[in-house]
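*Asks:* Dropping a structure here in structure tokens format, bear with me for questions.
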Amino acid sequence: MTVNIGSILWNRAFLSPDLEACTGGGYRLTYAEVNNRANRFSGLLEERGIRRGDRIALLCKNNEHVISAMFGAAKSGVITVLLNWRLQAAELAFILSDCQASLLVYDATFAATVDRLREQVPISHFIRVGGRGIDPDFDACLDSASDAEPVISGGGDDPVILMYTSGTTGKPKGVTLTHNNCFWASIGLMHTIDWSYRYRFLSVAPLFHIGGMAPIFANVHAGCTSVFMPDFDPAAVWKTIAVEKINFLMTVPLMLNYMKMVPGVAEMDLSSLKYIICGGSAVPRSLIESYLEMGIKVQHVYGATEYCGAISFWTHDMDFEKSDSMGKAVFHGAIKIFAPDGKQPLPAGDVGEICLFGPQVFAGYWRNERATREVLGDGFYRTGDLGRMDEQGFVYVVDRLKDMIISGGENIYPAEIEAVINTHPQVAEVAVAGRPDPRWGEIPVAFIVKKPDASLDGREIIDLCKNNLAGFKCVKEVIFTEALPKNSVGKVLKNTLRKQLAQS
């Protein structure tokens, strides 16, 4: 049987029609109701001539309409592109042009950004969620569409989700996830950690991140309720856990640090909370221990968009002395450590590149065969991370082959920032590296060599970034230098820069 993610929603609605599927600001929807809305969205796409293989884009915060649209599109074989709403219009325009989206669904709060996009991207259809404006309203569109169960179109190895992540070339790459990827990733979650029928999940990690989206597939599969929070507020998180009887949620370490600062947590009824998942960057043992003192278990996940989410978990059922590891591979997944050439697996304890096997491995980068060839081997994905595995199968990430900076759980690629800074006429050379930061994990810092007689100052560079990049990508500091450290073939030695930042 060919798996279609949309049919999984239908199956859950058939089995558990009255079970609460999701709730948020002013709404509570059963699985029967969400499936009905997905059907109507599928019909809406057909009315607008959007067919199997076409792309639609969602510029929305965590809410039920994301789920209705995504599952409705999946039923029709249409590919959903989940847009990072923290990006600037210019960054979004590149993504929308690259994926050639036919329709954009957007929250009314992003109307000003969408108005700028209209001038840059030839999108045929716009649908607004909430507020007032020139575009048709999402709910009104659904009300006028048929709720008949559509004929399922496509599935299996067909693409269903595109998630764009910046690459080392400085341009975003579309990670192509198939119906099979999403199906097996959800199975992996459900069979690796406690993910049970009728559990209530707090969806506060953004849905445009795989850490936010992958749990939604598992929730539908397992019959859980998704409680949506459009924005992270640490006090509101604790209140929602208490009021909505939340059983589990996905976080990043920065979120947990902020949540610890909220007064009065000890007086709240958190008896429903079974555990908190934390990922996006390394989870310090001290953070796990501090939450354990509060009676809360934090188990961490190592994941990748190209693996449709979770790669491995460390849980409290495992050896606590191994809590500095990334745990063990998820069910139906496999991890091997390969020599840097990607051809020879290494024995336990040896450091090499972390490579992933299993049905979760993505189909490739959208319209980017070269980048795909660089990371996909014969049935496996090369993460670009250096690590080792012990004899019990616990994985340890040692370093990154890539120069990625992780700040507050967000992935930042220096090449993208460098491409912006290089547009300044007074910049001769630039290299961006991460400085360790107690609050954010890392912050991006620019090393710049000025052109002769340049009058450039750091404020100009920071403003240039703010005008062209999302806030979390902007450099927080500029260091002017006479020359960048390079090797014998002229490549900038990023490791030298990182060491300089770590010591300063």
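*Asks:* Checking the structure you have, find out if any residue of the stretch 75-90 is assigned to a helix (DSSP H, G or I), at negative phi and modelled with pLDDT under 95. Steps first, please.
*Replies:* First pass over the stretch 75-90, keeping only residues assigned to a helix (DSSP H, G or I): 75, 89-90.
Imposing the further condition that a residue be at negative phi reduces the set to 75, 89-90.
Now narrow it down to the ones that are modelled with pLDDT under 95: 89-90.
Yes, the stretch 75-90 contains at least one residue that is assigned to a helix (DSSP H, G or I), at negative phi and modelled with pLDDT under 95.
*Asks:* Only one of Val81, Val129 is within 30 Å of Arg28 (Cα to Cα), among the hydrophobic types (A, V, I, L, M, F, W, C), open to solvent by 20 Å² or more (accessible area, probe 1.4 Å) and touching a helix residue (DSSP H, G or I) at 6+ places or on another chain (Cβ under 7 Å); which? Write out each step before concluding.
*Replies:* Details: Val81 fails: open to solvent by 20 Å² or more (accessible area, probe 1.4 Å).
One residue alone meets the criteria, Val129.
*Asks:* Kindly list the number of the only condition in (1) crowded, with 20+ Cβ neighbours inside 10 Å; (2) without any contact (Cβ under 8 Å) to a residue 60 or more places away in the chain; (3) not hydrophobic (A, V, I, L, M, F, W, C) that fails for Asp463.
*Replies:* Going through the list (1) crowded, with 20+ Cβ neighbours inside 10 Å; (2) without any contact (Cβ under 8 Å) to a residue 60 or more places away in the chain; (3) not hydrophobic (A, V, I, L, M, F, W, C), Asp463 breaks only (1).
*Asks:* Could I ask something else about it? Which of the residues spanning the stretch 107-129 are under 17 Å from Arg48 (Cα atoms) and not charged (D, E, K, R)?
*Replies:* Step one: filter the stretch 107-129 for residues under 17 Å from Arg48 (Cα atoms), giving 122-128.
Within the stretch 107-129, Pro122, Ile123, Ser124, His125, Phe126, Ile127 qualify.
*Asks:* Scan the stretch 85-101 for residues that are in contact with a helix residue (DSSP H, G or I) (Cβ under 9 Å, 6 or more places away or on another chain) and open to solvent by 30 Å² or more (accessible area, probe 1.4 Å) and jot them down. Outline the logic, then answer.
*Replies:* We begin by selecting, within the stretch 85-101, every residue in contact with a helix residue (DSSP H, G or I) (Cβ under 9 Å, 6 or more places away or on another chain); these are 85-93, 96, 101.
Those that are in contact with a helix residue (DSSP H, G or I) (Cβ under 9 Å, 6 or more places away or on another chain) and open to solvent by 30 Å² or more (accessible area, probe 1.4 Å): Trp85, Arg86, Gln88, Ala90.
*Asks:* With respect to the numbered conditions (1) modelled with pLDDT under 95; (2) more than 21 Å from Ala235 (Cα to Cα); (3) among the aromatic types (Phe, Trp, Tyr), which one is the sole condition not fulfilled by Tyr258?
*Replies:* (2)
*Asks:* Sticking with this one: Considering the stretch 278-315 alone, what residues qualify as being out of contact with any Gly (no Cβ under 8 Å at 6 or more places or on another chain) and more than 20 Å from Lys260 (Cα to Cα)?
*Replies:* Answer for the stretch 278-315, where residues must be out of contact with any Gly (no Cβ under 8 Å at 6 or more places or on another chain) and more than 20 Å from Lys260 (Cα to Cα): Ala304, Thr305, Glu306, Cys308.
*Asks:* Taking Ser272 as meeting all but one of (1) surrounded by 20 or more Cβ atoms within 10 Å (Cβ to Cβ); (2) in contact with a strand residue (DSSP E or B) (Cβ under 8 Å, 6 or more places away or on another chain); (3) on the phi < 0 side of the Ramachandran plot, write down the number of the exception.
*Replies:* (1)
*Asks:* Also, I was wondering about something else. Take the residues of the stretch 102-126 that are hydroxyl-bearing (Ser, Thr, Tyr) and part of a helix (DSSP H, G or I): which is surrounded by the fewest Cβ atoms within 10 Å (Cβ to Cβ)?
*Replies:* Going through the stretch 102-126, the residues hydroxyl-bearing (Ser, Thr, Tyr) turn out to be 102, 106, 109, 113, 124.
Subset that is part of a helix (DSSP H, G or I): 109, 113.
Values: Thr109: 15, Thr113: 17.
Ranking the qualifying residues of the stretch 102-126, first place goes to Thr109.
*Asks:* For Tyr291, all conditions in the list (1) assigned to a helix (DSSP H, G or I); (2) of a type in the set (Phe, Trp, Tyr); (3) under 16 Å from Arg388 (Cβ atoms) hold save one; what is the number of the exception?
*Replies:* (3)
*Asks:* Starting from the stretch 336-356, take each residue that is over 10 Å from Gly387 (Cβ atoms) and open to solvent by 80 Å² or more (accessible area, probe 1.4 Å) and list its partners that are among the hydrophobic types (A, V, I, L, M, F, W, C) and modelled with pLDDT of 95 or more, counting only C-beta distances under 7 angstrom and pairs at least six apart or across chains.
*Replies:* Filtered contacts from the stretch 336-356: Lys336/Cys355; Lys336/Phe357.
*Asks:* Here's another thing I want to ask about it. Regarding Leu59, is this residue touching a Phe, Trp or Tyr at 6+ places or on another chain (Cβ under 6 Å) and open to solvent by 10 Å² or more (accessible area, probe 1.4 Å)?
*Replies:* On the way: touching a Phe, Trp or Tyr at 6+ places or on another chain (Cβ under 6 Å): yes; open to solvent by 10 Å² or more (accessible area, probe 1.4 Å): no.
So Leu59 does not fit the description; no.
*Asks:* I'd like to verify a number: residues in the stretch 265-323 that are acidic (Asp, Glu) and in contact with a helix residue (DSSP H, G or I) (Cβ under 6 Å, 6 or more places away or on another chain), how many? Reasoning before the result, please.
*Replies:* Initially, the stretch 265-323 is screened for residues acidic (Asp, Glu), giving 267, 269, 289, 293, 306, 317, 319, 321.
Retained after the next criterion (residues that are in contact with a helix residue (DSSP H, G or I) (Cβ under 6 Å, 6 or more places away or on another chain)): 269.
Final tally of qualifying residues: 1.
*Asks:* Counting only residues that are among the hydrophobic types (A, V, I, L, M, F, W, C), surrounded by fewer than 22 Cβ atoms within 10 Å (Cβ to Cβ) and closer than 26 Å to Arg382 by Cα, how many does the stretch 397-440 have?
*Replies:* The number of residues fulfilling the criteria is 7.
*Asks:* Also: Filter the stretch 1-38 down to the residues that are open to solvent by 40 Å² or more (accessible area, probe 1.4 Å), outside any helix (DSSP H, G or I) and either touching a Pro at 6+ places or on another chain (Cβ under 9 Å) or among the polar types (S, T, N, Q) (or both) and list them by number.
*Replies:* Thr2, Gly25
*Asks:* A follow-up question, please. Could you check the stretch 52-73 and list, in sequence order, the residues that are over 20 Å from Asp139 (Cβ atoms) and touching a residue at least 60 places away in the same chain (Cβ under 8 Å)? Show your work before the answer.
*Replies:* To start, the set of residues in the stretch 52-73 that are over 20 Å from Asp139 (Cβ atoms) comprises 52-55.
Correct list: Arg52, Gly53, Arg55.
*Asks:* Just for the stretch 362-386: of the residues that are touching a residue at least 60 places away in the same chain (Cβ under 8 Å) and either more than 22 Å from Asp98 (Cα to Cα) or surrounded by fewer than 16 Cβ atoms within 10 Å (Cβ to Cβ) (or both), which one is nearest to the chain's Cα centre (by Cα)?
*Replies:* Taking the stretch 362-386 as the starting set, the residues that turn out to be touching a residue at least 60 places away in the same chain (Cβ under 8 Å) are 362-368, 371, 375, 381, 383.
Then keep just the ones that are either more than 22 Å from Asp98 (Cα to Cα) or surrounded by fewer than 16 Cβ atoms within 10 Å (Cβ to Cβ) (or both); that gives 367, 381, 383.
Details: Arg367: 20, Tyr381: 17, Thr383: 15 Å.
Among those residues, the one meeting the criterion is Thr383.
*Asks:* Filter the stretch 466-504 down to the residues that are at pLDDT 90 or above, of a type in the set (D, E, K, R) and open to solvent by less than 40 Å² (accessible area, probe 1.4 Å) and list them by number.
*Replies:* Within the stretch 466-504, just Lys473 meets the criteria.
The values are calculated or read from the model by the stated rules, or taken from the named source; none is laboratory data. It should be emphasised that the depicted structure is a prediction, and the values quoted were computed from it without experimental measurement. In this analysis, Cβ positions are derived from the backbone assuming ideal geometry, glycine residues included, and neighbour counts consider all displayed protein chains. Heads up: the accessible areas ignore ligands, DNA and RNA and are worked out on the full protein's heavy atoms, side chains in. Shrake-Rupley method; radii C 1.70, N 1.55, O 1.52, S 1.80 Å.
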